[in-house]
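Nothing in this text is a laboratory measurement; each read-out follows from the coordinates by a stated rule. What you see is a predicted model; the values in this text were computed from it and never measured. Neighbour counts run over all protein chains shown; Cβ positions are idealised from the backbone, glycine included.
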Amino acid sequence: MPQTLGCGPGQQWPFPGGGAIVNNTWNSNAAGSFPWQQCIERRAPTGVAGAATEYGWWWRWPHPGHAVYAYPEILVGANPWAAGPGNDARFPHKIADTAHLRLAYDVDLAATGSYDLSTSIWLIRTPAVATPAVLADISTEIMIWSDYTPDMVADPGTNRKRGEFVSTDGTLWEIWADPAWGDMSGASRHTWAHVVYLAKPGQRQRAMTYDAMQFVANAVSLGLARSDYYIADVELGVEVVAGTGSAWIRSFSLTLD
């Protein structure tokens with residue numbers, strides 16, 4: 001049986017191999033008076049000898065939704081929205097000094113409603129996340145949507161399509177971007193560049209191995225980031241807009257050089 005590790009907003013638990021699993025409910029106010037639940041958990045897979053403990057989360061948000069409510073996630077690095085040095089001494093890491101940022105993951109995802117499975121890479125202008133956090137240092141968010149429900153693309157907000165991009169594994173991605181994206185929760189008036197890479201229909205996947213630096217380099221080439229900026233953190237999670245679901249992380253690794 002799964003063991004609940006926490007259901008409170010922002011609760012964290014160390015993730016094996018580095019980083020933390022975070023019960024990120026950043027826009028829960030958008031649910032208004034509708035009840036919601038979201039928790040982080042762990043389980044020991046049954047029927048698999050020697051299998052490692054798996055970590056994940058489940059959610060129940062109002063349906064239909066009208067905004068992203070939450071992003072339960074694995075977070076590695078220094079969250080630029082929070083104070084302190086973060087959970088991994090490799091971050092922040094200067095883009096110009098980064099040759100590779102390799103990610104590999106396999107997610108067991110079962111859900112109804114609207115959602116995307118995505119990697120989020122936050123870029124900042126400074127070599128450290130200040131205490132308290134200085135939101136003006138946040139420059140760019142790069143999101144890589146490897147899987148999503150089709151309705152998520154029907155309303156890209158103020159993003160506009162910038163073209164297409166082929167990653168080294170042959171996956172074709174649409175590029176959507178807004179140079180002045182804002183905080184939908186209303187908690188801040190700060191804006192930043194927002195770049196979303198959408199795996200084309202038919203190429204969506206929940207298990208990937210790739211070098212995320214190719215996406216960072218593409219954002220720099222579009223003028224939405226600069227090589228003298230710093231990678232603050234890398235996050236893998238599910239953006240939830242509506243419905244119920246669960247995600248179990250079968251495997252996750254990040255290497256930086």
proj_area_mean for the chain (convex hull on C-alpha atoms), units nm², value 13.4 nm²
Rg/Rh of the stretch 153-223 (Cα atoms, Kirkwood Rh), to two decimals, equals 1.00
Dividing the helical contributions, -39500 (n - 2.57) per DSSP H run of n ≥ 4, by the residues of the chain yields a 222 nm value, nearest 500 deg cm²/dmol, of -1000 deg cm²/dmol
Stretched fully, the stretch from Ala52 through Asp106 gains (0.36 nm per residue minus C-alpha distance, one decimal, in nm) 18.1 nm
Env charge @ Gln3, Cβ radius under 10 Å, K,R +1 / D,E -1, value +1
Out of Gln12, Pro64, Thr140 - ranked by how far each Cα lies towards the positive end of the dipole of the stretch 1-146, with unit charges on the beta-carbon of charged residues - the top one is Gln12
Taking a ≥ b ≥ c as the square roots of the Cα gyration tensor eigenvalues, with a/c under 1.5 meaning rounded and otherwise prolate when a/b beats b/c or oblate if not, the stretch 105-196 comes out prolate
Computed D for the stretch 44-113, Stokes-Einstein, Kirkwood radius over alpha-carbon pairs, 10 °C, 1.306 mPa s, to the nearest µm² per second, is 97 µm²/s
Among the stretch 54-79, those whose backbone N falls under 18 Å of a label point 7 Å along Cα→Cβ from Ala187 are 67-79
For the stretch 223-231, Karplus-derived ³J(HN,Hα) couplings (6.51, -1.76, 1.60; θ = phi - 60°; whole Hz; x for glycine and proline) come out as x, 9, 7, 9, 5, 8, 7, 10, 7
Going fewest to most other Cβ atoms within 10 Å around each Cβ, Met184, Met1 line up as Met1, Met184
